[in-house]
Amino acid sequence: MPAQPEQLLQIAVCRFARLHKIPFLHVANERKASPYFGSLLKDMGVRPGVADCLFPRGNAEFKGLWLELKVAKRKPTPLQTQFLNEMKAEGYQALWCQGIDAAMEIIKDFYSIS
C-alpha cells in the first residue's frame, strides 16, 4: 500500500529534522487497533488528539515545539486543538500547519535556521 499524503508529509518533516540534528519524535496515533488492544493502549496513556510531532529541544521562549501536520485543506479536530492549547499552557509552542512548506517554516523559525 503506497504512503498517504499525511504520511509523506511526516516523512519529509522527519528527514528535515534529522538533517538539522533536531531531536524529535512522532506520536503514532493514526494506527488501527482491535477493541481490546485499543482499550489497553488507552489504559497505557495513549489519547486521541495528541499532535503528530514533538521537538523536545526548546528555544529562548518555549520548552519545545509540538506540531500537528495537515495536508490540503484539512484542519485540526477539536481534540487536536484542545491538546495544542494544553501544551501552550505548559510552556510549549504548539501549532498546526498545512503542507511541507509551512512545516519547514515553523521549524526553521523556532530553531533560527536560515
Q | All positions within the range 67-114 that are closer than 12 Å to Gly49 by Cα, polar (S, T, N, Q) and surrounded by fewer than 12 Cβ atoms within 10 Å (Cβ to Cβ) | A | Asn85
Q. For Pro35, which of the numbered conditions (1) of a type outside the set (Ser, Thr, Tyr); (2) modelled with pLDDT under 95; (3) surrounded by 13 or more Cβ atoms within 10 Å (Cβ to Cβ) fails to hold?
A. (3)
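Each row is one residue, and each column tells you yes or no for (1) in contact with a strand residue (DSSP E or B) (Cβ under 9 Å, 6 or more places away or on another chain); (2) more than 13 Å from Val27 (Cβ to Cβ); (3) modelled with pLDDT of 95 or more.
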residue	(1), (2), (3)
Leu41	no, no, no
Leu84	yes, no, yes
Lys88	yes, yes, yes
Cys97	yes, yes, yes
Q: Would you confirm whether any residue within the range 103-113 is closer than 20 Å to Asn29 by Cα and in contact (Cβ under 8 Å) with a residue 12 or more places away in the chain?
A: yes
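What do you reckon, is Val50 farther than 17 Å from Ala89 by Cα and β-branched (Val, Ile, Thr)? Can you show your working first?
Details: farther than 17 Å from Ala89 by Cα: no; β-branched (Val, Ile, Thr): yes.
In short, no.
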**Q.** Selection within the range 1-26 - in a helix (DSSP H, G or I), within 12 Å of the chain's Cα centre (by Cα) and under 19 Å from Arg57 (Cα atoms)
**A.** Gln10, Val13, Cys14
Q: Spot the failing condition for Asp109; the list is (1) in contact with a helix residue (DSSP H, G or I) (Cβ under 8 Å, 6 or more places away or on another chain); (2) among the charged types (D, E, K, R); (3) in a helix (DSSP H, G or I), and only one is missed.
A: (1)
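Could you go through the range 45-56 and let me know if any residue there is loosely packed, with under 15 Cβ neighbours inside 10 Å, hydrophobic (A, V, I, L, M, F, W, C) and over 11 Å from the mean Cα position of the chain (by Cα). First the steps, then the outcome.
First pass over the range 45-56, keeping only residues loosely packed, with under 15 Cβ neighbours inside 10 Å: 45, 47-48, 56.
Going one step further and asking which of them are hydrophobic (A, V, I, L, M, F, W, C), we end up with none.
Within the range 45-56 (the criterion being loosely packed, with under 15 Cβ neighbours inside 10 Å, hydrophobic (A, V, I, L, M, F, W, C) and over 11 Å from the mean Cα position of the chain (by Cα)), the answer is no, since none of the residues qualifies.
The values are calculated or read from the model by the stated rules, or taken from the named source; none is laboratory data. Quick caveat: nothing in here was measured; it's all calculated off a predicted structure. Here the Cβ is made from the backbone with ideal geometry for all residues, glycine too, and neighbour counts use every protein chain on show.
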